[in-house]
Every structure is written in structure tokens, then in C-alpha cells.
1. Quick one: putting +1 on the C-beta of Lys and Arg, -1 on the C-beta of Asp and Glu, what dipole do you get for segment 8-77 around its Cα centre, in Debye to the nearest 20?
2. Taking the Cα centre of segment 8-77 as the origin and placing charges on Cβ (Lys, Arg +1; Asp, Glu -1), which of 67, 38, 54 is farthest toward the positive end of the dipole?
3. Using unit Cβ charges (K, R positive; D, E negative) and no other charged atoms, how large, in debye to the nearest 20, is the dipole of segment 21-125 about its Cα centre?
4. Distance from the Cα centre of segment 59-104 to that of segment 9-50, in angstrom?
5. Provide the packing ranking of 65-73, 109-117, 201-209, i.e. peptides ordered by the mean count of other C-beta atoms within 10 Å per residue, highest first.
6. Note down the magnitude of the dipole of the chain about its Cα centre, charges +1 on Lys and Arg C-beta and -1 on Asp and Glu C-beta and zero elsewhere, to the nearest 20 debye.
7. Taking all pairs of distinct Cα atoms, average 1/r, flip it, and tell me the Kirkwood hydrodynamic radius of the chain in Å to one decimal place.
8. Pull up all non-local amide H partners of residue 111: gap of 5 or more, or a different chain, and H-to-H distance under 5 Å with H placed in the peptide plane.
Amino acid sequence: MAETKIPRATAKRLPIYYRYLNILLDADKKRVSSTELSEAVKVDSATIRRDFSYFGALGKRGYGYDVEKLLAFFKKILNQDTLTNVALIGVGNLGHALLNFNFHKNSNVRISAAFDVNEAIANTVQSGVPVYPMTELKKQLIEQQIEIAILTVPTSAVQSVTDDLVDANVKGIMNFTPLRISVPETVRVQNVDLTNELQTLIYFIEHYGEQLGDK
Ligand code: ATP
């Protein structure tokens, strides 16, 4: 299948669609209209139709979309039919929480190795995930063919750990620290700053509270 180039905003909505379609499948629903989907996932139906058109998935008028077909399609795009192993670096409070969470059993993404500089936690198993010392980072990532890493180290360590990850051929980094990291163009970074997200939410409520319900 030729690689479909889809807008980033569309790509971000894919997991939301995917999760909801799975719920429909579990409930034995065979088809869904964009209006129905729209109400469930809180994305307007024109956007849904446009998103789906990027994949050539065109709903039939009066029928909607075939749930199973859509799911099979998304599964491929989201790589859900192969298990993706991810590493986590920094088993502190947040790191522990993510290990515990481990992206739900049925999402086909899992943290399979964790790393920490602290000798008290290295060489232990936390929430079922082995924790390795940092000295083993490159070896383990290459051996386990891990190309994605989650960064939950303190900001003071984030760039040097990033450099080590790049050296270990990682392709994607999910950065939970507020610092922006430098990587070569071949590495993709997703920043998740929880404090910032929460402050944005508070800002919107304080400034646009009376328009709640709008975007
Ligand atoms: P959090 O920020 O997740 O709440 P915390 O407050 O418990 O964590 P931090 O000081 O932020 O602790 O450190 C997070 C984890 O990162 C700790 O377990 C620490 O040992 C680990 N860590 C610190 N420096 C490094 C490093 N250079 N490489 C790997 N792990 C590190």
C-alpha cells in the first residue's frame, strides 16, 4: 500500500476514532454514520468526512461507514497489528505512573524496558517491566529493537539522555519534560508537558468560560 500522507491534525484524531470504532465492534454494530461518530468523539462530522477521505474511506449515503472495514484500515495505519515496544527513561514519580499504566493491555503499545541512573532501582522489575542501568541503554535498545522512547528524567538530564537515545538509533521520543530537546531531523519528538496543558486549560476557562462548549 502506498504511504498515505495525512495532515498532522488528522493523524492525531486517528486513535480517537480507532478507540470508538472498537467499542462499536464490541457492541456488534456493523456500521456508523459520520453524525453518530461525531457525537461520540466530539469532532464535527464535516471534519470526520474529510479525515476519512484522506484514506479513501468514503461512507455511502444512507449507509455510513462499515465499522469492520474502517477498523481494519485504521489498524494498519496505526500499526495496531504489530506490537510496538517502547522504552521509558527515568523511573521517578511520573515514570512509575506510566509503567503502571502501560498504555492499556489492548493497545498494542507497551513499555518493554525501563532505564534509570539510580542504582537503587536499576536491575529491579517495576510493574512487570525490567529496569536497566543507563550503561545498558544502547545495548538493550538495539537488541530489543526499540525505536521509541519516553523521557521522564529531570530537565537537567534530558538533553544528554536524548543524545544517548539518538546514538542508540531511536526514531521517536516522547518528551514529558518542559524543556525542548535538540535532535537530528531523522528523529521525531512529541512534547507532552502536563503542567503546560493544565495551565492552558485553566487559562481558557478563566478567559473564555462564558463560551464553554465552543472550541
Ligand atoms: P518525576 O519528575 O517523574 O515526578 P521525581 O521527582 O521522582 O520524578 P526526578 O528527579 O524528576 O524525580 O527524576 C526522575 C527519575 O529520573 C528518577 O528516578 C531519577 O533517578 C532518574 N534520572 C535522573 N537523572 C537521570 C539520567 N541522567 N538518566 C536516567 N535517569 C535519570
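1. 280 debye
2. Checking the options against the dipole of segment 8-77, the answer is 54.
3. For this selection, approximately 540 debye.
4. Segment 59-104 and segment 9-50 have Cα centres separated by 14 Å.
5. Output ranking for 65-73, 109-117, 201-209: 109-117, 65-73, 201-209.
6. 1000 debye
7. That comes to 19.6 Å for the chain.
8. Under 5 Å from the amide H of residue 111 lie the amide H atoms of 86, each far enough along the sequence or on another chain.
The values are calculated or read from the model by the stated rules, or taken from the named source; none is laboratory data. Note that the structure is predicted; figures quoted are calculated from it, not measured. Cβ: placed from backbone, ideal geometry, glycine included. Neighbour counts: every protein chain shown. The protein model used for the area step is the full one, side chains on, heavy atoms only, and it has no ligands, DNA or RNA in it. Shrake-Rupley method; radii C 1.70, N 1.55, O 1.52, S 1.80 Å.
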